[in-house]
Each structure stands twice: as C-alpha cells, then as structure tokens.
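Enquirer: I'd like to ask you about the structure that follows.
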Amino acid sequence: MVLERDPELRQVCPPTGVRSAFCNLGCLGTTCSLLNRKQVRYGRIMGMLYSSLQGTAMRYAAEKRDLATSIAELRKIAAGHDEVVAEAAGVMAGAWYASPATHSGHELIAAGMLILAAGGLGSPLDYEELERWTRVGYERGMAMRHSEPKS
C-alpha cells in the first residue's frame, strides 16, 4: 500500500507499539481511533486513505472482480477506519444520485462494496454518518451539474 512507502507517515501506535501508518487495531499514529474514534483528524494520511479506498473500490467495480475478495481487500485497506469508509461510500453514492444518467453505475457498486467492507473492528458502520456523507455527495454532484455550460 502507498502509505507504507512514505517513512514520515510511519509512527508508533501507543496502545500496541506497532510502527506503521496503520496498526492492526485501526489506529493512526498518536491518535488512537479506539480511544477517541470521533476525533481522528482528516489530515494527509486520512486523505490518502480516502483516495485509496475510493479508487480501489471503483477499479474493482469496473473490473467486475469477485465480490468477496474485493470486500476483504477493502476491509484490509480501511484498517478499521469506518468514518473514512462512510465518507468515501456516501460521497460516491450521493454524486451518482445527483446525475445518474451521466454515470455508468460503477459508483453504486463501489459504494456498496465499501459499505460491506466496514466494521473491521467488529462494530457496524455508522449509517447516520453514511447518510450525512451521501447528502454531501448529492449536493456536490448537483453543484457540478448546475455549473456545467448549457449546450
């Protein structure tokens, strides 16, 4: 994974002592998601995780890969950061709903795979968070649709 190649992103996770961008408990550097899951900052690493999840899910959907294998790989990439999974899935699905005629539908398949990949630490996906991000994606999609030049 791209995150492992950047040495400045490798930090020690306090509860486990694991030195990596993501430890096996889904922790991020000195901010442990188990201790305070709602206050994980969306900085450089979270942005990279978001992009990695979204891009990988879209590629798997477009390639029509095996669903179980794809979900397992996405769950491994997510490393328990369900807040990022909810954001990526919600924004993709919401943007598709804003303009379904201009998309192939891979966005919905990718969003579904991400939703199924959530719960890496045994806790279910926060569906209220997913709904919030779906609305954000829809609003962004509508804004893009209204900013296009009329022909």
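Enquirer: Quick check on the exposure proxy: order Ser52, Ser70, Ser99 from fewest to most C-beta atoms within 10 angstrom.
Expert: Ser99, Ser52, Ser70
Enquirer: Follow-up question, since we're still on this one. Just in segment 44-151: which trypsin sites (Lys or Arg not before Pro) are loop by DSSP and have at most 11 other Cβ atoms within 10 Å?
Expert: Passing sites in segment 44-151 are Lys64, Lys150.
Enquirer: Also, I was wondering about something else. Tell me, what is the percent relative contact order of segment 42-147, built from C-alpha pairs under 8 Å that lie six or more residues apart?
Expert: It rounds to 35 percent for segment 42-147.
Enquirer: So how far apart, in nm, are the two label points at Ala101 and Arg65 if each is 7 Å from Cα heading toward Cβ?
Expert: Here the answer is 3.3 nm between the modelled labels.
Enquirer: Also, I was wondering about something else. Give me the one-decimal nm value for the distance between modelled label points at Glu73 and Arg145, 7 Å along each residue's Cα-to-Cβ direction.
Expert: Label at Glu73, label at Arg145, 3.2 nm between them.
Enquirer: HN-Hα J couplings of segment 96-102 from phi, Karplus 6.51/-1.76/1.60, θ = phi - 60°, integer Hz, Gly and Pro as x?
Expert: Result, ordered by residue: 5, 5, 5, 8, x, 6, 9 Hz.
Enquirer: Report the Rg/Rh value for segment 42-147, based on alpha-carbon coordinates and the Kirkwood definition of Rh.
Expert: We get a ratio of 0.96 for segment 42-147.
Taken together, the values in this text are just the output of simple stated rules run on the coordinates, not laboratory data. The model shown is predicted, which means the values in this text are computed figures rather than measured ones. Don't worry about glycine lacking a Cβ; one is built from the backbone with ideal geometry, like all the others, and counts go over all protein chains shown.
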